[in-house]
1. Which residue out of Thr344, Thr336, Thr352, Thr401 is surrounded by 14 or more Cβ atoms within 10 Å (Cβ to Cβ) and assigned by TED's automatic domain parsing to the domain that holds Ser204?
2. Quick check on region 121-136. Is at least one of its residues modelled with pLDDT under 95 and part of a strand (DSSP E or B)?
3. Report yes if Ile328 is within 26 Å of the chain's Cα centre (by Cα) and in a helix (DSSP H, G or I), otherwise no.
4. Collect the residues in region 337-374 that are closer than 30 Å to Lys87 by Cα, of a type in the set (Gly, Ala, Ser) and either under 13 Å from the mean Cα position of the chain (by Cα) or not in a loop (DSSP other than H, G, I, E, B) (or both), keeping them in residue-number order.
5. Examine region 375-382 for a residue that is in contact (Cβ under 8 Å) with a residue 60 or more places away in the chain and either assigned by TED's automatic domain parsing to the domain that holds Ile95 or outside any loop (DSSP other than H, G, I, E, B) (or both), and state whether such a residue exists.
6. Among the residues of region 251-261, is there at least one that is surrounded by fewer than 21 Cβ atoms within 10 Å (Cβ to Cβ), modelled with pLDDT of 95 or more and in a loop (DSSP other than H, G, I, E, B)?
7. From the list Val231, Val249, pick out the single residue that is farther than 25 Å from Gly373 by Cα and touching a residue at least 60 places away in the same chain (Cβ under 8 Å).
8. Give the residue, chosen from Glu173, Glu187, Glu163, Glu167, that is more than 26 Å from Asn48 (Cβ to Cβ), in the same structural domain as Lys17 (by TED's automatic domain parsing) and either in a loop (DSSP other than H, G, I, E, B) or of a type in the set (D, E, K, R) (or both).
Amino acid sequence: MENMEKKLQEAKTATYKLALLNTKAKNEALRKIVEGIEKNIQIILEENKKDLKRGEEKGLSKALMDRILLNEKRLKDIARSIEDVIKLPDPVGEIISMQKRPNGILVGQMRVPIGVLALIYEARPNVTVDGAILAIKSGNSIVLRGSSDALYSNIILANIMKEALSESEVPPESIQIIETPEHSAVEKLLQMRDYIDVAIPRGSANFIKYVMNISKVPVIETGAGNNHIYVEEDADFDMAKKIIINAKVQRPSVCNAIEKLLIHKNIADKFIPLIVEDLRKYNVEIRGCEKTCQIIKDAILATEEDWYTEYLDFIIAIKVVNSLEEAIEHINKYNTKHSEAIITKDYHKAMTFLQRVDAAAVYVNASTRFTDGGEFGLGAEIGISTQKLHARGPMGLKELTTTKYIIFGEGQIRE
């Protein structure tokens with residue numbers, strides 16, 4: 001196994017150098033990364049082909065293969081996201097509060113980097129770049145451990161970024177990648193509390209749970225998206241269909257796609273056949289409650305496990321509910337606290353849904369596919385936090401900082 005401890009030591013040391021760099025130096029480093037990616041597109045795509053070939057041989061699902069896939073458009077989108085991060089304000093050093101105490105001392109809080117981040121993720125090689133650029137701009141080092149399914153893509157992207165940093169003031173050691181595909185590497189990494197300040201897992205619900213259970217490093221829970229859209233009885237059918245199709249089929253392999261559809265009983269007989277007809281144009285498998293199966297004769301009866309499952313595939317489960325209250329109760333029981341939506345014309349129902357649904361992002365009359373750092377104006381994201389402490393929702397630059405108290409005095413002593 002590679003010398004993981006040496007890499008972590010280098011990452012830790014790099015944080016001290018990063019802390020001294022101003023915004024200009026960090027932005028120039030990010031521009032070097034953009035240049036490196038644009039200059040090496042064909043090399044990246046060749047390495048990505050190796051991952052895709054291995055995926056085919058392993059029989060990976062179509063959805064997972066889509067997560068692994070890189071093409072020129074996706075690489076250009078990655079470069080564009082870096083440019084967006086360059087334009088964003090640097091949170092490091094921001095004074096977020098200051099008060100004068102009765103004894104004359106000034107007590108405030110300043111944003112500072114967290115330190116060394118460990119990003120552990122499944123598939124999606126774009127995460128390799130997103131994580132690294134956000135870490136650098138927020139003054140952190142990052143240790144990347146992607147899945148073996150995207151091994152070649154992750155390694156080439158990390159190496160290109162490290163080479164780009166060698167032409168800047170940012171130490172190349174700020175980016176470390178764990179190359180070994182052995183599963184034991186994750187366990188070892190998550191014991192390295194002396195070097196790693198926080199671990200951020202991205203992947204399936206089972207994977208995130210696994211990381212949280214074995215880690216000795218503080219973990220930010222992210223990502224699993226058992227998301228719902230609830231269609232109220234007063235909903236505009238055309239709007240609802242457009243939103244549901246977008247949220248389910250545009251890219252079903254991502255965490256902000258929907259997995260469940262709740263329909264008010266008063267419109268079930270009319271709306272379910274309409275939306276199922278549209279979903280089947282995209283070969284979406286329909287599962288459902290007993291009422292749904294009565295309306296759609298060839299739908300598969302959903303099990304209790306279905307209501308908890310994040311499919312990440314062309315599958316949806318539909319449930320007929322009696323009321324807004326039942327919809328909210330169902331969502332709060334089965335969801336993963338990621339993204340939830342209601343389609344309604346009623347302001348009070350919309351506000352009730354916003355207030356009572358427990359999730360990081362709650363929508364009214366819009367697709368859950370917007371839960372994304374770029375779409376929320378963060379430039380990119382390192383993950384979508386579904387927990388409630390420190391950060392919640394898409395995690396951008398500010399969420400990758402912590403605070404320290406700063407105190408100014410004129411010789412005061414405590415009596």
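The values are calculated or read from the model by the stated rules, or taken from the named source; none is laboratory data. Not measured: the values here are computed from a predicted model. In this analysis, Cβ positions are derived from the backbone assuming ideal geometry, glycine residues included, and neighbour counts consider all displayed protein chains.
1. Values: Thr344 fails: assigned by TED's automatic domain parsing to the domain that holds Ser204; Thr336 fails: assigned by TED's automatic domain parsing to the domain that holds Ser204; Thr352 fails: assigned by TED's automatic domain parsing to the domain that holds Ser204.
Sole residue among the options that is surrounded by 14 or more Cβ atoms within 10 Å (Cβ to Cβ) and assigned by TED's automatic domain parsing to the domain that holds Ser204: Thr401.
2. Yes.
3. Details: within 26 Å of the chain's Cα centre (by Cα): yes; in a helix (DSSP H, G or I): yes.
Yes, satisfied.
4. Listed by number, the residues that qualify are Ser339, Ala360, Ala361, Gly373, Gly374.
5. Of region 375-382, the ones in contact (Cβ under 8 Å) with a residue 60 or more places away in the chain are 378-382.
Right, trim to either assigned by TED's automatic domain parsing to the domain that holds Ile95 or outside any loop (DSSP other than H, G, I, E, B) (or both) and you get none.
Looking through region 375-382, none of the residues is in contact (Cβ under 8 Å) with a residue 60 or more places away in the chain and either assigned by TED's automatic domain parsing to the domain that holds Ile95 or outside any loop (DSSP other than H, G, I, E, B) (or both).
6. Of the residues in region 251-261, the ones surrounded by fewer than 21 Cβ atoms within 10 Å (Cβ to Cβ) are 251, 253-254.
Okay, now just the ones that are also modelled with pLDDT of 95 or more, so none.
The answer is no, given that none of the residues of region 251-261 is surrounded by fewer than 21 Cβ atoms within 10 Å (Cβ to Cβ), modelled with pLDDT of 95 or more and in a loop (DSSP other than H, G, I, E, B).
7. On the way: Val249 fails: farther than 25 Å from Gly373 by Cα.
The conditions single out Val231.
8. Values: Glu173 fails: more than 26 Å from Asn48 (Cβ to Cβ); Glu163 fails: more than 26 Å from Asn48 (Cβ to Cβ); Glu167 fails: more than 26 Å from Asn48 (Cβ to Cβ).
Step by step, each of Glu173, Glu187, Glu163, Glu167 is checked, and only Glu187 is more than 26 Å from Asn48 (Cβ to Cβ), in the same structural domain as Lys17 (by TED's automatic domain parsing) and either in a loop (DSSP other than H, G, I, E, B) or of a type in the set (D, E, K, R) (or both).
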